[in-house]
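The values are calculated or read from the model by the stated rules, or taken from the named source; none is laboratory data. These figures come from a predicted structure and were not determined experimentally. So basically every Cβ, Gly included, is an ideal-geometry build from the backbone, and we count neighbours across all protein chains shown. The protein model used for the area step is the full one, side chains on, heavy atoms only, and it has no ligands, DNA or RNA in it. Shrake-Rupley method; radii C 1.70, N 1.55, O 1.52, S 1.80 Å.
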Amino acid sequence: MESKRVQEIMDSITMINVKYHGIPVYIQEVNTDSEMATIFPLDEMHNEQQVDLQGLFEDGP
């Protein structure tokens with residue numbers, strides 16, 4: 001996913017479903033310089049991870 005779209009999702013007032021390699025996640029932060037995001041799985045909120053933006057996908061229309 002492009003960093004611009006990740007930022008749009010984070011700024012959105014509506015919930016936009018995002019998955020990281022098929023796992024539903026919440027995006028906390030995006031670093032446009034390194035093309036990385038800080039996320040955590042919705043069912044493991046304590047499991048914060050730094051991931052490559054290319055593994056993030058919107059789930060739905």
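The table that follows gives values for the structure above.
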item	result
Positions within region 3-12 being open to solvent by 20 Å² or more (accessible area, probe 1.4 Å) and touching a helix residue (DSSP H, G or I) at 6+ places or on another chain (Cβ under 7 Å), in sequence order	S3
Subset of region 24-61 (residues that are touching a Pro at 6+ places or on another chain (Cβ under 8 Å), farther than 15 Å from M1 by Cα and among the hydrophobic types (A, V, I, L, M, F, W, C))	L42
Within region 13-35, considering residues that are of a type in the set (V, I, T) and open to solvent by less than 80 Å² (accessible area, probe 1.4 Å), the one farthest from L53 (Cα to Cα)	I16
